[in-house]
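Q: Attaching a single structure in structure tokens format; questions to follow.
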Amino acid sequence: MTRMAMLIDTSKCTGCRGCQVACKQWWDLPETQTQQTGSYENPTDLSPQTWTRITFHEYESGGRFQWLFLKQGCLHCAEAACVDVCPTSALKHSDLGAVTLESDLCNGCGYCAQFCPFGIPRLETLNLFTGEAKATKCNFCQDRVPEGLKPACVKTCPPGALDWGERDAILEKARSRVEALKARGYAEVSLYGETEMGGLGRLYVLTAPPSAYGLPENPQYPASVPVWQEGVQPIGYGAVALTAVGLGLSWLIGRRMAAQDSSAKKEE
Amino acid sequence: MNTIVRFKAPERLAHWLHFVAFTVLLGTGMFIYLPALRAFATGNAGEAARLAHRIAALVFMLSPIIYLVFSPREFFESLREMFKWGPDDFAWLRGAAAYYTYGRKAQLPPQGKYNAGQKLNALTQFIAFGVFVVTGLLMWFGKGAVPVGVFRWVVILHDLAVIATTSLFVLHLYLVGIHPLTRESITAMVEGSVSEAYAKEHHTLWLEQVRDQKKGAGE
Amino acid sequence: MTNHWVDLKNSDAIFIIGANPAENHPASMLWVNRAMDDRGAKLIVVDPRFTRTAAKADIYAPLRSGTDIAFLGGLINYTLENNLHHADYVANYTNAAFLINADYKGPADLDGLFSGFNAEKKTYDRATWGYQTKTEKVTDPATGAETEKTTTLSDPTLKDPQTVFQILKRHYARYDLDTVSRITGTPVDKLKEVYAAFAATGQPGKSGTILYAMGQTQHTVGSENVRIMAMLQLLLGNIGVPGGGVNALRGESNVQGSTDLAVLYHLLPGYLAAPSAAAHPDFKAYLENKTPKTSYWSNYPKFFVSLLKAWWGEAATADNDFAFDYLPKSAGDHSWIPLFEAMYAGTIKGLFVMGQNPYVCGPNARLERKGFENLDWMVVMELFDTETSSFWQAPGVKPADVKTEVFLLPAADAVEKAGSIVTSGRLIQWRNKVAATQGESKEDIWIIDRMMKAIKAAYEGSHDAKDRPILDLNWDYGDPPDAGKVAREINGYYAATVTDDKGNLVAKKDDILSTFAKLTADGNTAAGCWIYTGYYAPADDGTGVSMPAAKRRGQKDPGGMGSYPYWGFAWPANRRIIYNRASADPDGNPWAEDKKLIWWDASADSGTKDAEGKPILGKWVGYDVPDFAPTKAPSAAGGKDPFIMRADGKGGLFGSLNEGPLPEHYEPLESPIANLLSKTQINPVVKVFNADAGKDIGDSVGTPDKYPIVCTTYRLTEHWQSGAMSRYLGWLSEAQPGMFVEISQELAAEKGIQNGGTVLVSSARGQIKATAMVTARWKPYTIDGKTVHQIGMPWHFSWRGIATGDSANDLTPHVGDGNTKIPEYKAFLVDLQKA
């Protein structure tokens, strides 16, 4: 099946928070208690109750002042560290390429939150002692999309800054948009997500460097994941298996030798 | 037959608590380590496993404290022993495989209360204990308390400690439960003593020490 | 709007001043983006601060609040100096060529005033603002009868110094770049950038649109602000053209509907005038005063009589002047501020508040709230228990001390009732009821219907003449009342069976009207709002299905200009762009291929036949309903007069508002500087109230020595008006949880204020606490060589709900525009300090 993607054109985003609210409405997520601390940005972080939000940034470069708005949320990496470390496969890639999260399978270990290079998943701890917890994040509206609907945020976006479709087509649109913005005089336009992490499901057209938006310039798949998943853990199987096998062999040889000894003794 | 007292009651309690705790920790831990056991990590089974792992962790942390509090002399003696390594210990290690497989005793120098293998096991357990407690507590309570980069290596260290202790655990179970040369020594942990013959065979130097002490005490 | 929302996509330059559509009309950005993406349109934003709209602009220019006339006057000057105006359009479609009275004098001569000012009454005698005319006797060649014909003198070359064009040029020559920069604080290079970009739309075939909102209207010179935008657009040839226009972004979802239906003290539905006791003693005097001899308004009596027939039905006849005497007559200025001054003075006993929260949204709010305490009773129709309905138990108020009896009637939400809503683009769309009301809530129509029925019942049997207006009031909308019945009355219907002079049936009594062209002044027609006629009449939705026009959702868009004529109904007569005769040149051809809207087709069948039975050819065709006599050729008399509602059919570059025929810059009531253009500091015709001036609560006016900082108020995307609804909603309150004031980094440094710290903002009328939002999006201005700081704040907050905070309107002044009286919320003086 073709991989789907979301395009976020920050040149069109007006920071209205329609997406932030639409997501909460669709997923029945409650509001959190917030304070006015000198910014339009609220809530101040993703959380189990906030799976997408807008971050606000003031940026000046080349004599041009910009007020940047970034829709933050899971980037649905093709090479997803969270999927690779999830011990219960609660996190996995759907047929359409989204990193979906089946809450029933989540055992609250929190590895996804610790290994995501973008720091997206948020663990909701229900009981610190028993470790009962659930991971939460944007799941590209995993119940809407398979039914042929757009994610709730895309549907609501008033200025049309959000687009949704087959990833190849979305990349095409994104590339032409980047060219159009360059022609319009934006000096630092870029497309974020084409190849990062194997290619992101959430693509951004940016009009300033990624760091101006709080995005990592060069996100890397954590080196610790292959060390752990493909190194240490298989070594574990190997070590214990070898031990067992080694001991089994030792026992068999020993028994044989003892039997030979006693039969030799009998002969004597 | 004469028997020699090897482990006092608190030591034995601590050992068995440690054994039960370790088994539960290992078993429940395997639910998220082994993909084949994934189903047990979720749903009601998962909740029970998660709780069991944490309760067992508390017991795991408690057992050496019981050892320390109720048999402090033996605790520190064991601690000293596991760190005392000499040429005899390395020679024993070199010859251990041949001894346990073929029964060839020739290359084995006489051992004290703990032979080199036991010292190695104890030392590994000691270090692994530290790793387990620190990494385990961080994984339990410390998400967000340490930087993400640190946490990623915490889980790896936890796994490395699992691999080391589990391999030794398998070896320990084999020697204690199956191997004809050593399985009788389980009495050490059940009744607290071993036969003189066993002590003479496996811990010659220790037997001499004990006899000397008895002589000194006028028995 | 003269144009409409979808039409924005046809624009080559979108100029936004005094508006913030990205935040307050978010969906409109879709069309702005189409213009930018598909046509390469430039987005220009002029605003005291860098808003979320400015964040999308190609060009952003700051300006000090209250200096829009200076800014736009400079743009007019730039346009004329560089000959960027649309010469053909100006010469043919505006009054540029007309000669003005020789005694006319303007601000250059009278230090800020125009000729005819009465300082005592604060009004103008407009005699010297009129055209030069000549009256001659004319003999009708056919009948030999002699009549008098008055014509306006004009100079088509536009060179005569008394032409409107030359007077306009001289007037705005005083608005040179340096002067404008000194007044507005906008750097000269920014002025040039904006001016060049927008004046480029003066080229024939190019069009630019101006979007504005409260940032233009909520000033003592608000009406002149809008006037100058209209003049600019006339000069650039942008009125009546796709992608052009003077476009108000209405601030409420149905404020357009409410002004259309005259929920205003000085109007009757359809923008007819409310009669005044002094000026209109009787029916005849009223109609004479209000009916011009030319322009479409010459049909005024038809609209007015039809309205009276709608309201008093059978009781309104030719014999009783159609019940003219039943209409209440205004006895003065009943606008908002005087209303609350009267409440404060204790002369008003009762108040109905419907879906409004004056506690939070009224200017000089502390004074206005005191007015509530003087009422005997207050009835509030609301969705929530707001600050207004709870004024008697507000923080700091002892309920035992308040004698007002307050009734709270729970009302229904927008989706819990059926009815129509009108967009800024005059588009009327019917909406169905899609949710049941909660608890005891009732729809507005039910509440008002019950009230009126109860009032009628209370007066039943009375023989007192003054009770007749109530008893004779036409009131039959069903039980429960049906919005469709009300709609039908507003739309209009035949009040009697009508036959033509040959005895043929024209229409039966109660037949619905499809156009206001059929309205008559003889009492045979009834219409509750003449501009709406047709909106509820059956119409095709483009697929052959018929339904009331406002209910249509037809998707066809012939011509692709975004007219969507089968979707809803745009008043008047489903015209999407008004004055659209001007979208074609004097000969009737579109100015450009991609701006084709309507054009003259000389070979089309007009639908009528001549004396010999041959079809008369020639009519206006295209993608919109012509805002013009459909068969009047460009070459006919009046064929080049697109502005059919004006007496001379021409666009008014030179006009006539209370403070003058031409917009002139005056400073806001509270200003940091003396007016640099003239000695007339403020709009000379505005009323300055002074109840308890100087007291803690009162009409005090602030001066720059104590209050050196300019302040403005505005809205956020996340909250709605006074916050009565949005501050009760969790997701919205989460996004904007509290009151803040936006401050420049420079001002913050001066005052030792940190971002997120608490500050006190005070004006001559009150003091509030807020969180400081220190930002690079605001920069100090250089006004006449001196640094002047400005700050701004949202006005949504008060003490009820989830998101609470102090109210900005505790600070705003009690002064209004010279014509509309709308309060000057947008520019006043404050002081600022760390809390």
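What follows draws every value from the coordinates through simple rules; no lab data is involved. All values derive from a computational prediction rather than experimental measurement. Cβ atoms come from the backbone with ideal geometry, glycine included; neighbour counts cover every protein chain shown.
Q: Given points 7 Å out from each Cα along the Cα-Cβ axis, report the C:Asp333 to C:Thr317 separation in nanometres with one decimal.
A: It is 4.3 nm.
Q: Ordered by residue, what ³J(HN,Hα) values in Hz, to whole numbers, does the range B:150-162 give under the Karplus form 6.51 cos²θ - 1.76 cosθ + 1.60, where θ = phi - 60° and Gly and Pro are x?
A: Listing the rounded values in order: 5, 4, 4, 7, 4, 5, 5, 5, 4, 5, 5, 5, 4 Hz.
Q: Note the angle between two axes, namely the Cα long axis of helix B:116-141 and the longest principal axis of the Cα atoms of chain B, as a number of degrees from 0 to 90, rounded to the nearest 10.
A: For B:116-141 against chain B, the angle is about 20 degrees.
Q: Cα-based count: Lys pairs in the range C:336-456 below 29 Å, eight or more positions apart or different chains?
A: 20
Q: So if I average 1/r over every pair of distinct C-alpha atoms in chain C and take the inverse, what Kirkwood radius in Å does that give?
A: Working: mean 1/r = 0.0350 Å⁻¹.
Kirkwood hydrodynamic radius for chain C: 28.5 Å.
Q: At R0 = 56 Å, how high is the FRET efficiency between B:Lys8 and A:Ser211 if r is their beta carbon distance? Nearest 0.05 is fine.
A: 0.30
Q: Within 10 Å of each Cβ of A:9-18, how many other protein chain Cβ atoms are there on average?
A: For peptide A:9-18, the averaged partner shielding equals 6.
Q: May I pose another question? When the Cα centres of the range B:151-219 and the range C:385-409 are compared, how far apart do they sit, in Å?
A: Taking the Cα centre of each part, the range B:151-219 and the range C:385-409 sit 83 Å apart.
Q: Spit out the partnerless Cys residues in chain A, using Cβ distances under 4.7 Å as the pairing rule.
A: So, A:Cys13, A:Cys16, A:Cys23, A:Cys77, A:Cys86, A:Cys106, A:Cys109, A:Cys116, A:Cys141, A:Cys157.
Q: Right, next: Placing one identical point scatterer on every Cα of the protein assembly as shown and ignoring solvent, what is log10 I(q)/I(0) from the Debye formula at q = 0.06, 0.08, 0.09 Å⁻¹?
A: -0.67, -1.02, -1.23
Q: Another question, then. What is the extension gain from C:Ala674 to C:Thr259, computed as 0.36 nm multiplied by their sequence separation minus the C-alpha to C-alpha distance, in nm to one decimal?
A: The span from C:Ala674 to C:Thr259 would gain 145.8 nm if fully extended.
Q: Counting only C-alpha contacts under 8 Å and six or more residues apart, can you give the relative contact order of the range C:292-443 as a whole percent?
A: In percent, rounded to a whole number, it is 15.
Q: Let me ask another. Greater than 31 Å separation of Cα atoms is the criterion. Which listed pairs, A:Lys155/C:Lys551; C:Lys695/C:Lys821; A:Lys182/C:Lys169, meet it?
A: A:Lys182/C:Lys169
Q: Give the long-range amide H neighbours of C:Thr123: residues separated by 5 or more places, or on another chain, with amide H under 5 Å away, using H modelled in the peptide plane at 1.01 Å from N.
A: Excluding prolines and chain starts, which carry no amide H, the hits are C:Asn118.
Q: What is the helix-to-structure angle for A:167-183, meaning the angle in degrees between its Cα long axis and the longest Cα principal axis of chain A, kept from 0 to 90 and rounded to the nearest 10?
A: 40
Q: Let me ask you something else. Please report, in whole Å³, the volume per residue of the convex hull around the C-alpha atoms of the range C:491-572.
A: It is 111 Å³ per residue.
Q: Which part of the range A:191-207 falls in the paramagnetic zone of A:Arg64, meaning amide N under 11 Å from the point 7 Å along Cα-to-beta-carbon?
A: A:207
Q: What nm distance separates the two modelled labels at C:Asp464 and B:Leu93, each placed 7 Å from Cα along Cα→Cβ?
A: Taking the simple label geometry, C:Asp464 and B:Leu93 are separated by 11.4 nm.
Q: Which whole-Hz couplings ³J(HN,Hα) result when phi for each residue of the range C:281-288 is put into the Karplus expression 6.51 cos²θ - 1.76 cosθ + 1.60, θ = phi - 60°, listed in order with x for Gly and Pro?
A: Per residue, the Karplus-derived 3J(HN,Hα) values read x, 8, 3, 4, 4, 4, 5, 5 Hz.
Q: By how many nm would the segment from C:Met452 to C:Ala142 lengthen if fully extended, with 0.36 nm per residue of separation less the alpha-carbon distance?
A: Stretched fully, the C:Met452-C:Ala142 segment lengthens by 105.8 nm.
Q: Report ³J(HN,Hα) in whole Hz for each residue of the range B:30-39, in order, from the Karplus equation J = 6.51 cos²θ - 1.76 cosθ + 1.60 where θ = phi - 60°; Gly and Pro get x.
A: 4, 5, 9, 8, 8, x, 5, 9, 3, 4
Q: Using the Cα centre of chain A as origin and beta-carbon charges of +1 (Lys, Arg) and -1 (Asp, Glu), tell me which of A:Leu75, A:Pro87, A:Gly185 is placed farthest towards the positive end of the dipole.
A: A:Gly185
Q: Another question, if that's okay. Using the alpha-carbon centroid of each, what span in Å lies between the range A:118-153 and the range C:305-340?
A: A separation of 62 Å, based on Cα centres.
Q: Then there is this: I'd like the orientation of helix B:204-216 relative to chain B: the angle between its Cα long axis and the longest Cα principal axis, in ° from 0 to 90, rounded to 10.
A: Computed tilt is about 70 degrees.
Q: Considering only DSSP beta bridges with both partners in chain C, what is the antiparallel share in %, to the nearest 5? Spell out each step's value before the answer.
A: Details: 57 of 96 bridges.
Percentage antiparallel, nearest 5: 60.
Q: Shifting gears a bit: Which whole-number percent is the relative contact order of chain C (Cα, under 8 Å, 6+ apart)?
A: Details: 1896 pairs, mean separation 128.8, N = 835.
Answer for chain C is 15 percent.
Q: Could you give the nm distance between label points at C:Leu153 and C:Val545, where each point is 7 Å from its Cα heading toward the beta carbon?
A: Modelled inter-label distance: 6.3 nm.
Q: I need C:Ser678, B:Ser63 ordered by Cβ neighbour count within 10 Å, fewest first. Walk me through the numbers on the way to the answer.
A: Values: C:Ser678 17, B:Ser63 20.
Exposure proxy ranking, most exposed first: C:Ser678, B:Ser63.
Q: If amide H atoms are built 1.01 Å from N in the plane of the peptide, which residues on other chains or at least 5 residues away come under 5 Å of the amide H of C:Thr94?
A: Residues meeting the criterion, in which the H sits 1.01 Å from N, are C:Gly651.
Q: Another one. Would you pull out the residues with amide H under 5 Å of C:Leu409's amide H, same chain only if 5 or more places away, H placed 1.01 Å from N?
A: When sequence neighbours closer than 5 places are left aside, the close amide H contacts are C:Val380, C:Met381, C:Glu382.
Q: Sticking with this one: Treat the count of other C-beta atoms within 10 Å as a stand-in for reagent exposure and order A:Glu188, C:Glu670 from fewest to most.
A: Fewest-to-most Cβ neighbours within 10 Å comes out as A:Glu188, C:Glu670.
Q: Using Cβ contacts closer than 10 Å as the measure, can you line up C:Tyr728, C:Tyr124 from fewest to most?
A: Result, fewest neighbours first: C:Tyr728, C:Tyr124.
Q: Let me ask something else about it. Between the range C:176-217 and the range C:629-656, how many Å separate their Cα centres?
A: 28
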